[in-house]
1. Could you list all residues from the range 159-169 that are farther than 15 Å from residue 106 by Cα and loosely packed, with under 14 Cβ neighbours inside 10 Å?
2. Could you run through the range 48-86 and say how many residues are of a type outside the set (D, E, K, R), touching a helix residue (DSSP H, G or I) at 6+ places or on another chain (Cβ under 9 Å) and closer than 27 Å to residue 335 by Cα?
3. If the requirement is being under 14 Å from residue 139 (Cβ atoms), touching a strand residue (DSSP E or B) at 6+ places or on another chain (Cβ under 6 Å) and part of a strand (DSSP E or B), which of these qualifies: 363, 348, 377?
4. Out of all the residues in the range 67-84, is one or more in a strand (DSSP E or B) and within 27 Å of residue 250 (Cβ to Cβ)?
5. Hey, among the residues in the range 218-227 that are in contact with a helix residue (DSSP H, G or I) (Cβ under 8 Å, 6 or more places away or on another chain) and closer than 22 Å to residue 309 by Cα, which one's modelled with the highest pLDDT?
6. Within the range 12-32, take every residue that is in a loop (DSSP other than H, G, I, E, B) and touching a Lys or Arg at 6+ places or on another chain (Cβ under 7 Å) and give me the one that is surrounded by the fewest Cβ atoms within 10 Å (Cβ to Cβ).
7. Could you identify the single residue in 354, 365 that is crowded, with 21+ Cβ neighbours inside 10 Å, among the small types (Gly, Ala, Ser) and modelled with pLDDT of 95 or more?
8. Filter the range 23-32 for residues that are under 30 Å from residue 129 (Cβ atoms) and touching a strand residue (DSSP E or B) at 6+ places or on another chain (Cβ under 9 Å) and give the result.
Amino acid sequence: MGILQDDVVIIRHPEREQDPIVITVNCPDKTGLGCDLCRLIMFFGLTILRVDVSTDGKWCYIVFWVVGNEKTRWNLLKKRLMAVCPCCSSASGISYYRSEQTLKPSDFFLLKLCCDDRHGLLHDVTLVLCELELSIKKVKVSTTPEGRVVDLFFITDTREQLHTEKRQEETLKRLKDTLGADIFSCEIESVGPEVVTCSSSFLPPSIAEETWKPEVIERCNKDVIVCENVSVAFDNSLSPGHTLVQIACEDHKGLLYDIMRTLKDYNIQISYGRFTKKQRRNCEVDLFIMQADGKKIVDPNKQKALLSRLQSELTRPVRVAVVSRGPDTELLVANPVEICGKGRPLVFHDITLALKMLKTGIFSAEIGRHMIGDREFEVYKVLLDEGNGFSVTKKKIEEAVWKMLMGWD
């Protein structure tokens, strides 16, 4: 026997408009399930107010209290949440979930776009792609002296339908409707993953290492932006079989994703957890965890490594810097990539939105994957357009992009 497919994810809307929406997930457990669910909730732009997690190592029950908006596509969210739960099979006509799931690699496509440049153009295109569930894996944007923009987006389709004529026509129509008379040409073609991997290497390792050294950033910007008052503590005295991790910090967009991603990368299993949002953006997280072998974490070196990584991820979930490259000004944003290869969602969307709100033009933009230290980061390099009376300071750009990525007003 098992659990009916429709009961795996239940979304309950409140009777009173001011109350949160409750999402329950009831399915077999797997290491990293919390990370995958939080990433999807973050992708759909929801704010998490509270979370309760309980599992016996085989079956998991998670409750999210969230806030959405009028554009939230709840039916689609439910479908996506169900897709990351252990896969569905059929026995005696009853759908149930089993713990193994094999995911095939996504197909890559190249979206080539040529149009007249205008303020906010790149964000408008990025917004359309996000709404269509097209994930941007790499982008190369350049502006010609005549004021035309040539955009190359290397994308994948969450729906796995971009190879069909119908899906391509839908995408092209949405882009043409958004850009109107500004667009000259727009086409989509299938490409191999090797094209995406080899298409650009814009940030040599030596520059990447030098740019993101803490002492270099401190030297370039004495007011380097971080999340303050982060506290992480371990306690092995309260449970005979689990280590308690207690976290107190400022809330930010993707906070739970950052925590769950770190635990997933360390192959840590959560048996019970609770997230509570307090007043003035403060929050508390209590997690009872154990290693893959079912034992608590007693090795001081393992505790120290996990504590250090959690503090680092919560203090600087993303790295933002505006630097000078000769006569040019560049915005660099970097975020760590999961071991499985997934990057933080909506980063490029938030970068372009922040720059659009600052009325700061983008001359060119690129996304790439680079090793910084012993970790892989997704790095966004944006060359800012300093023409037409450009007057926004580097500090203001850094603060605006940081706040947008953190979800802070």
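1. Taking the range 159-169 first, the residues farther than 15 Å from residue 106 by Cα are 165-169.
165, 166, 169 - these are the residues of the range 159-169 that are farther than 15 Å from residue 106 by Cα and loosely packed, with under 14 Cβ neighbours inside 10 Å.
2. 13
3. Within the list 363, 348, 377, the selection yields 363.
4. Going residue by residue through the range 67-84, those that are in a strand (DSSP E or B) are 67.
This time we only want the ones that are within 27 Å of residue 250 (Cβ to Cβ), so: 67.
So far as the range 67-84 goes, yes, one or more of its residues are in a strand (DSSP E or B) and within 27 Å of residue 250 (Cβ to Cβ).
5. Filtering the range 218-227 for residues that are in contact with a helix residue (DSSP H, G or I) (Cβ under 8 Å, 6 or more places away or on another chain) and closer than 22 Å to residue 309 by Cα, the one modelled with the highest pLDDT comes out as 227.
6. 31
7. When all the criteria are applied, what remains is 354.
8. 23, 25, 27, 30 - these are the residues of the range 23-32 that are under 30 Å from residue 129 (Cβ atoms) and touching a strand residue (DSSP E or B) at 6+ places or on another chain (Cβ under 9 Å).
The values are calculated or read from the model by the stated rules, or taken from the named source; none is laboratory data. The shown structure was predicted, so the numbers you read here are calculated from the model rather than taken from an experiment. Glycine also receives a Cβ, built like all others from the backbone with ideal geometry; neighbour counts cover every protein chain displayed.
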